[in-house]
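Just below is one structure, and these are the notes that go with it.
The values are calculated or read from the model by the stated rules, or taken from the named source; none is laboratory data. The structure presented is a predicted model; accordingly, all values stated were derived computationally and were not measured. Here Cβ is always computed from backbone atoms with ideal geometry, including for glycine, and neighbour counts include all displayed protein chains.
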Amino acid sequence: MFTPALRAGRGRPRRAAVLAALSALLAVTALAACSSGSGSGSSAEKPATAVTSYPTTIPAGTKLRVGDQGSLKPALDLSGQSTGTPYAVDWSTFASGPLLLEAFRASAVDVGYVADTPPVLAAASGQDLAVIAAWHNPPGQLVLATRPGSSIRTVADLKGKKVAISTGTILQAYLLRSLDSVNLAQKDVDVVNLAITDIPNALARGDVDAGVTVQPLATTYLQANPTAHKVDGADGSPIVQYLITTHKVLSDPARQAALGDFVKRWVKAVGWRDGHSDDYINKYYVDQLKVPVATAKVLVGTGVPSVFVPIDTTSIGDAQKLADLFFSSGVLPEKVDISKVFDARYNSAVKEAQQ
């Protein structure tokens, strides 16, 4: 459903722009990515909490290659944080998380952002990946909805029903968390794997009993189908997103120092975006992506404010719970240790930027 990777600055069709906006908020990543990739370096074996500092001297000629899904550059540009960097920035825009992960595997990018599923996959596959910053967006970007006229009211009612998701994405994690809250597992429902944009149509036709949808598609679907409704008791936890790099990049002192500056700029840019949502909507979604104001407000309204959290035993423990859930559901063949893809050295950069 997504177009191939696009370089920043090139024109794109409006449909692709809207999909990129969806991707930017969800950072959807396919589980199929866990089947490839090489193992990480020795630094991946260090406990995540063991590294707490980074070099700050950025040599002349240093460059960071940033992989964006639609949110990094606009927030940095509009907030003024992209100006005056003591290093060059080479931007690449990707229309989906899977394409971004492929770029990391090819050593084509140095830093980017994803949702909470990719670190699980990286730990399972041995891919070199390092989470260096984490933030939570409020729930509401994902909606578990029923087909029109359905008698399903609660998550427990899903047992034995057809439920549409895009397997291997944040949508699947959302369903697994919802089911787990009522002591159900994926095997207790009949999962129907569909592209994200096809799920509302499948619901409207009655092909499935329920499905996980994304905003603004969820709101559009529910408005067009008044006898459909949200399922009570669906996952209400925050949407977790990560700034990621690789241990290979972190082995380079120059790029390691540049990442420290980039992390601080990103935290400040998010603070500006959350405090100037109208400016952000008008200048990015409306002016650049040509998304209607009402649609943009649904997208942005469920995504702010963002709360940065440190890379510590709590955040790593939450990620481990997700990894264990993917294992217990049968998605992963064996348990994985998620801690090896987390690196705490930039906690101080996040804290400094928030002062």
Of all residues in the range 214-246 being charged (D, E, K, R) and under 23 Å from the mean Cα position of the chain (by Cα), which is nearest to residue 146 (Cα to Cα)? 230
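So which residues in the range 76-89 are part of a helix (DSSP H, G or I) and either of a type in the set (Phe, Trp, Tyr) or in contact with a Ser or Thr (Cβ under 9 Å, 6 or more places away or on another chain) (or both)? Break it down stepwise before answering.
To start, the set of residues in the range 76-89 that are part of a helix (DSSP H, G or I) comprises 76-79.
Across the range 76-89, the qualifying residues are 76, 77.
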Determine if the range 282-298 includes at least one residue that is closer than 25 Å to residue 139 by Cα and among the acidic types (Asp, Glu). no
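Out of curiosity, is residue 64 modelled with pLDDT of 95 or more and not acidic (Asp, Glu)?
Details: modelled with pLDDT of 95 or more: yes; not acidic (Asp, Glu): yes.
Yes, satisfied.
Out of 298, 309, I need the residue that is within 17 Å of the chain's Cα centre (by Cα) and among the aliphatic types (A, V, I, L, M). Which one?
Working: 298 fails: within 17 Å of the chain's Cα centre (by Cα).
Result of the check over 298, 309: 309.
Residues are listed down the side, and each one gets a yes or a no for (1) buried (at least 23 other Cβ atoms within 10 Å of the Cβ); (2) closer than 27 Å to residue 337 by Cα; (3) in contact with a helix residue (DSSP H, G or I) (Cβ under 7 Å, 6 or more places away or on another chain):
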{"site": "78", "(1), (2), (3)": "no, no, yes"}
{"site": "87", "(1), (2), (3)": "no, no, yes"}
{"site": "91", "(1), (2), (3)": "no, no, yes"}
{"site": "94", "(1), (2), (3)": "yes, no, yes"}
{"site": "102", "(1), (2), (3)": "no, yes, no"}
{"site": "118", "(1), (2), (3)": "yes, yes, yes"}
{"site": "122", "(1), (2), (3)": "yes, yes, yes"}
{"site": "125", "(1), (2), (3)": "no, yes, yes"}
If residue 195 passes every condition in (1) among the small types (Gly, Ala, Ser); (2) over 30 Å from residue 291 (Cβ atoms); (3) surrounded by fewer than 18 Cβ atoms within 10 Å (Cβ to Cβ) but one, which one does it miss? (2)
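Output the residues belonging to the range 205-217 that are outside any strand (DSSP E or B) and either closer than 21 Å to residue 233 by Cβ or of a type in the set (A, V, I, L, M, F, W, C) (or both).
Here is the first cut: in the range 205-217, the ones outside any strand (DSSP E or B) are 205-209, 215-217.
Selection gives 208, 209, 215, 217.
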